[in-house]
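The values are calculated or read from the model by the stated rules, or taken from the named source; none is laboratory data. Since the model is a prediction, treat every value here as computed from it, not as a measurement. All Cβ positions, even for glycine, are placed from backbone atoms using ideal geometry, and neighbour counts span all protein chains on display. Note: areas computed on protein heavy atoms with side chains; ligands, DNA, RNA excluded. Shrake-Rupley method; radii C 1.70, N 1.55, O 1.52, S 1.80 Å.
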2 protein chains.
Amino acid sequence: MEEAAVLLKQKGLKVTPQRLAILNLLRNTKEHPTAETIYKKLVSDFPTMSLATVYKTLEVLKNIGLIQELNVGEGSFRYDANTNSHTHLVCFGCGKVEDLDESVLQNLIEEAKKHTDYKLVEQKLYFYGYCPACQKMLSN
Amino acid sequence: MEEAAVLLKQKGLKVTPQRLAILNLLRNTKEHPTAETIYKKLVSDFPTMSLATVYKTLEVLKNIGLIQELNVGEGSFRYDANTNSHTHLVCFGCGKVEDLDESVLQNLIEEAKKHTDYKLVEQKLYFYGYCPACQKMLSN
DNA sequence: TATTAAAAGAAAAATATTATCTTTTATGAA
DNA sequence: TTCATAAAAGATAATATTTTTCTTTTAATA
């Protein structure tokens with residue numbers, strides 16, 4: 001059995017096709033979709049799927065630590081199956097949200113701890129700018 | 001005349017008591033309020049003030065660069081008269097949002113530029129954890 | 001295979017934000 | 001200083017996103 005299924009069972013939660021489908025979709029995309037986008041992508045495979053199920057499933061998956069919720073400053077949340085405290089790139093041009101390789105920013109939280117008396121547990125770092133394609137468009 | 005008033009005029013926008021009040025409120029608080037909170041604080045001084053006016057004003061102030069919009073992962077936006085790309089601390093306990101002195105994180109964007117072909121223009125960095133008061137509460 | 005608690009699905013409700021329309025007001029000209 | 005007017009304020013409706021409620025269906029265990 002897949003480790004996500006094991007984790008769900010451990011928490012006393014049911015392993016449903018919808019839950020696995022939403023998790024797998026998030027694991028197989030790099031585009032950090034919204035609930036709406038997830039719904040639209042799954043409704044062909046799951047014609048009875050409801051948007052409420054997507055929201056409820058995302059809540060569950062978030063609570064058991066299988067996904068994380070992002071908000072890059074749009075009207076809605078995006079979801080990411082990479083639960084590491086990694087950095088995101090947001091394109092002002094097309095609005096896409098990508099991951100940034102974090103090697104150099106690794107110890108950001110350690111550095112920040114020196115400057116606050118908060119007990120820090122995680123961070124969210126968003127960079128905003130223009131992706132290569134949008135840069136090209138703008139220069140024409 | 002105050003520089004905010006000058007800036008509004010330069011952009012062909014009217015200098016209204018509501019706009020100045022919202023900007024001043026943001027400049028005199030460290031709590032990064034939401035539109036709702038701003039409205040509640042101003043409605044005693046401006047009994048006719050409408051929530052729509054708060055939203056429209058925040059949009060205007062944001063567009064001319066006098067304030068910035070934050071989203072730390074709540075259902076709503078917060079606003080900040082400090083328009084520098086500075087770092088925020090979010091308390092998981094009480095939900096308050098504070099500023100973090102940024103001295104060490106100054107060159108974050110420069111560092112990130114080495115790792116992406118995006119043209120970066122700004123960043124948002126949120127740290128999450130527990131403020132001193134909430135740490136104390138939790139340890140009891 | 002039957003039982004049952006939990007999840008899915010449908011629909012309504014709640015929230016946050018934006019848009020529309022009318023009234024009021026800031027601003028610049030007379 | 002008053003007047004004209006375009007823009008903003010204010011009231012309200014609309015929209016969008018998310019959550020809740022309720023009924024039906026299903027996963028999991030006996």
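Note that the range A:130-140 has calculated 3J(HN,Hα) couplings of 10, 6, x, 4, 5, 4, 5, 4, 5, 7, 8 Hz, one per residue in order, obtained from phi through the Karplus relation 6.51 cos²θ - 1.76 cosθ + 1.60 (θ = phi - 60°); glycine and proline are x. When the alpha-carbon atoms of the range A:65-140 are used, the pair Rg, Dmax equals 14.7, 49 angstrom.
Per residue, the solvent-accessible area of the range B:1-112 (1.4 Å probe, heavy atoms of protein chains only, all protein chains present) comes to 51 Å². Each listed q (0.12, 0.14, 0.20, 0.22 Å⁻¹) maps to a log10 I(q)/I(0) for the range B:1-120, found by the Debye formula over equal Cα scatterers with no solvent: -0.53, -0.69, -1.15, -1.27.
In summary, the protein assembly as shown shows an alpha-carbon radius of gyration equal to 1.13 times the 2.2 N^0.38 Å reference for compact globular proteins.
Only the Cβ atoms of Lys and Arg (+1) and of Asp and Glu (-1) were treated as charged; on that basis the dipole of the protein assembly as shown about its Cα centre amounts to roughly 700 debye. For A:T83, the label point sits 7 Å beyond Cα toward Cβ; its separations from the matching points on the remaining copies run 4.0 nm, from shortest to longest.
Chains A and B together bury roughly 3300 Å² of accessible surface, counting both sides and using a 1.4 Å probe on protein heavy atoms.
Between A:E98 and B:E74, the simple label model (points 7 Å from Cα in the Cβ direction) yields a spacing of 3.3 nm.
Looking at the protein assembly as shown alone, DSSP beta bridges between its own residues are antiparallel in about 75 percent of cases. I want to verify a result. In a Gaussian network model of chain B, Cα cutoff 10 Å, which of these has the top mean-square fluctuation: B:A81, B:A35, B:A112? Its mean-square fluctuation being the largest, the pick is B:A112.
Taking 7 Å steps out from each Cα toward its Cβ at A:E31 and B:A5 produces label points 5.0 nm apart. Placing +1 on each Lys and Arg Cβ and -1 on each Asp and Glu Cβ, with no other charges, gives chain A a dipole about its Cα centre of roughly 400 debye. In sequence order, what are the phi-derived ³J(HN,Hα) couplings for the range B:67-76 according to the Karplus relation 6.51 cos²θ - 1.76 cosθ + 1.60 with θ = phi - 60°, rounded to whole Hz, with x for glycine and proline? Running phi through 6.51 cos²θ - 1.76 cosθ + 1.60 with θ = phi - 60° gives 9, 10, 9, 10, 9, 8, x, 8, x, 9 Hz. Here's how it looks for B:Q123: its modeled amide H is under 5 Å from those of A:Y128, which are all 5 or more places away or on a different chain. Inter-copy label distances for A:E2: 5.6 nm (label point placed 7 Å from Cα along Cα→Cβ; shortest first).
The spacing between the range B:15-43 and the range B:71-140, judged by their C-alpha centroids, is 21 Å.
Partner lysines whose Cα lies under 25 Å from the Cα of B:K113, excluding those fewer than 8 positions away in the same chain, are identified as A:K30, A:K96, A:K113, A:K114, A:K124, A:K136, B:K124.
Computed about the Cα centre, the dipole magnitude for the range A:84-139 is approximately 200 debye when only Lys and Arg (+1) and Asp and Glu (-1) carry charge, each at its Cβ.
With coordinates expressed along the principal axes, the C-alpha atoms belonging to the range B:1-62 extend over 30, 25, 19 Å, beginning with the largest. Look at the dipole of chain B built from charges on Cβ: of B:L42, B:L23, B:Y118, the Cα furthest out on the positive end belongs to B:L42. With each label modelled as a point 7 angstrom along the Cα→C-beta vector, the A:H115-B:D45 pair spans 3.1 nm. Considering only A:V121, A:V43, A:V72, the mean-square fluctuation computed in a Gaussian network model of chain A, springs between alpha carbons under 10 angstrom, is largest for A:V121. Taking the accessible area of the range B:1-44, probe 1.4 Å, and keeping the other protein chains in place, the carbon and sulfur fraction comes to 52%. Taking a straight Cα-Cα cut-off under 13 Å and skipping sequence neighbours fewer than 8 places away in the same chain, the aspartates and glutamates within cross-link reach of B:K41 are B:E31.
Note on chain A: with a GNM built from Cα contacts shorter than 10 Å, the maximum mean-square fluctuation among A:K114, A:K41, A:K14 falls on A:K114. Summing charges over neighbours of A:A21, with a neighbour being any other residue whose Cβ is under 11 Å away from its Cβ, gives +2 when K and R count +1 and D and E count -1. Rounded to the nearest 5, the antiparallel percentage of DSSP beta bridges internal to the range B:84-139 is 45%. Distances from B:K30 to itself in the other copies, using label points 7 Å out along the Cα-Cβ axis, amount to 4.2 nm in increasing order.
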